[in-house]
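A short write-up of the structure that comes next.
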Amino acid sequence: MVIGATALFRRCATPTLCALLVAGCGAPPPAVPASPATAEAQPGGPLAERTDGPQAPIRAAAFDVGEIKTAAEYLREPEFAAADMKRGQLLSLACAACHSFGAGEKTIVGPNLHGVFGRPAGVLEGFDYSPGLKSSGLVWTPRALDAWLVDPASFVAGTKMTFTGYRSADDRRDLIAYLLQATQ
């Protein structure tokens, strides 16, 4: 049974949770106020070239994913160490509408994200990835996920993921920092 956005909103426990669930289904993501800890951009780091707002789409085929490290190594980088994990956890509810995060958890609509960092895109057994993602040559790093989360459909043509993206660089940083912990 498909529930419309209005009916879903009435059934949700909180409007924020409902908005995040709707965002995971292709609607624009909700605005989450920045906390003082995330209001300033961190200099350097793997996401230093991020921008908010419209920009030319980055394509996975010509993308440098950066250095591949462990999640723990990424979390020690100043940008992620300063991220707002509580805000990232809240933002991850949009991901959790379609993805599981824990080892051995089942595929929902999208693949399980456990161990995603450092893994080539489109290789997890048990999920039918789009040909574009399977042939992208992409490896999931914070830098790659940051570019993906701006606009998945523009980053990898033909992707099955209908999420419209997060425009805020701070939102993406906080979400990625949380996912670095939650998917280990």
Identify the residue in the range 173-182 that is closer than 12 Å to Cys95 by Cα and of a type outside the set (Gly, Ala, Ser) and, among all such residues, is farthest from the chain's Cα centre (by Cα).
Tyr178
Yes/no for Val150 being closer than 17 Å to Asp64 by Cα, under 12 Å from the mean Cα position of the chain (by Cα) and among the β-branched types (Val, Ile, Thr):
yes
In the range 66-99, how many residues are in contact with a Gly (Cβ under 8 Å, 6 or more places away or on another chain), in a helix (DSSP H, G or I) and more than 15 Å from Pro142 (Cβ to Cβ)?
3
Helices (runs of 4 or more DSSP H) contained entirely in the range 100-166, each with at least 2 residues that are in contact with a helix residue (DSSP H, G or I) (Cβ under 9 Å, 6 or more places away or on another chain), among the basic types (Lys, Arg) and surrounded by fewer than 17 Cβ atoms within 10 Å (Cβ to Cβ)
none
Would you point out the residue of the range 41-83, among those that are hydrophobic (A, V, I, L, M, F, W, C) and modelled with pLDDT under 60, that is surrounded by the most Cβ atoms within 10 Å (Cβ to Cβ)?
Leu47
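The values are calculated or read from the model by the stated rules, or taken from the named source; none is laboratory data. These numbers were taken from a predicted model, which means no experiment stands behind them. FYI the Cβ positions are ideal-geometry reconstructions off the backbone, even for glycines, and counts take in every protein chain you see.
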